[in-house]
1. State all residues of the stretch 262-272 that are in contact with a strand residue (DSSP E or B) (Cβ under 9 Å, 6 or more places away or on another chain) and not in a loop (DSSP other than H, G, I, E, B); if no residue qualifies, say none.
2. From the list 56, 17, exactly one residue is assigned to a helix (DSSP H, G or I) and surrounded by 14 or more Cβ atoms within 10 Å (Cβ to Cβ). Which is it?
3. Any idea which of (1) part of a helix (DSSP H, G or I); (2) surrounded by fewer than 22 Cβ atoms within 10 Å (Cβ to Cβ) is the one residue 249 doesn't satisfy?
4. Residues that are within 17 Å of the chain's Cα centre (by Cα), more than 26 Å from residue 71 (Cβ to Cβ), at pLDDT 85 or above and buried (at least 16 other Cβ atoms within 10 Å of the Cβ): does the stretch 393-406 have at least one?
5. Is there a residue in the stretch 20-35 that is touching a helix residue (DSSP H, G or I) at 6+ places or on another chain (Cβ under 9 Å) and more than 25 Å from residue 315 (Cα to Cα)?
6. Please go through the stretch 273-318 and pick out each residue that is under 25 Å from residue 99 (Cβ atoms), outside any loop (DSSP other than H, G, I, E, B) and under 15 Å from the mean Cα position of the chain (by Cα).
7. For the stretch 354-370, enumerate the residues that are touching a residue at least 24 places away in the same chain (Cβ under 8 Å), surrounded by fewer than 19 Cβ atoms within 10 Å (Cβ to Cβ) and not in a strand (DSSP E or B).
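The values are calculated or read from the model by the stated rules, or taken from the named source; none is laboratory data. Note that the structure is predicted; figures quoted are calculated from it, not measured. Neighbour counts run over all protein chains shown; Cβ positions are idealised from the backbone, glycine included.
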């Protein structure tokens, strides 16, 4: 959609525009700005100078002679060669849950002491090659390996401190073990970002996310989250709550939204996002195949209606729109298995293409460069030939899943966010996320 502009001005080609009632919701993938403006004002040829200046500042408009694509390749390679070291560490490949859609086999337990030492030696030797370190704790269930997390975190923080490198950490956990004591250990070790899953209300969550013994987990997780809300005084933490929707959970999405609104809406540390439960591999998911949702339109319709009645903090969707790329396409990103194997993806563990190397006892990381290069550059020609005509390019570069077109032969969609742009912008609009331009109060 293009408005009628002054002859010397033009719309950005990276505007993602959705109309809602009489307004336009605009996300610009290059400037990372979100603007809401009346459609009739945006399409005016003789815009008010103040409005035009605001649109120029937001990257929505610019001078006719500006070439927006000059730095496309620069941005692409800057992303790939980002000098931050990012490690996803499988603190434990065992899990206390047996979720219906989980793809993992749980054949290995906690990360071994030998691998911990090898990793510490490797980081100490190589820290000079990086400008910052970001650790993501993953599993299985990483909190089963809390002693290893504490031990490695202490060593990593000391190495980064001595080398004067910033250190950040996050964790993906089912939160069943997230007690006061456990939270204290994590916060002490600078782990301040949490991704936690609640699959709807108690009845649906406990159908899909159960303990090994088959018992439900919802009540305990919810109480752990309430404890953070009520008793954790640390304000700079983020609790990102993911809901994997099936046909069952979609039916109760309004009840779920009401519960989460009542419990957490006033605490902005808690944010929410939805994903369709999918077939990510393994045998267990075959038992719920009829419950999986195929249509993203159906998926979001109920969520939008529920959020209008019971607002939730969806700011994480804004972050996902600004950068929808997968870390596995970065040169300096590695997944460290509990046995010392080195991967690029946290899903395709059984695929040989994903096993790119191993840690050795003398503190070396032996990498198969042919495999590694394929992860980084596998789809390079694709975006250069077609993606630069897409308004979402700066947020994607065809890197939402580097395995597609190589390990996974289907090309498929360009990630959830682009495919559901209209719905996501509606959700963000429901929480007043946009900068408003020309809108009368």
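1. Once the filter is applied, which keeps residues that are in contact with a strand residue (DSSP E or B) (Cβ under 9 Å, 6 or more places away or on another chain) and not in a loop (DSSP other than H, G, I, E, B), the stretch 262-272 yields 263, 264, 270, 271, 272.
2. 56
3. It is condition (2) that residue 249 fails.
4. Checked against the condition, which is being within 17 Å of the chain's Cα centre (by Cα), more than 26 Å from residue 71 (Cβ to Cβ), at pLDDT 85 or above and buried (at least 16 other Cβ atoms within 10 Å of the Cβ), the stretch 393-406 yields at least one hit.
5. no
6. Passing the criteria: 273, 274, 275, 276, 316, 317.
7. 360, 361, 362, 363, 364
Per-residue answers, yes or no, for (1) closer than 16 Å to residue 24 by Cβ; (2) at pLDDT 80 or above; (3) part of a helix (DSSP H, G or I); (4) touching a strand residue (DSSP E or B) at 6+ places or on another chain (Cβ under 7 Å):
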site	(1), (2), (3), (4)
373	no, yes, yes, no
418	no, yes, yes, no
426	yes, yes, yes, yes
439	yes, yes, no, yes
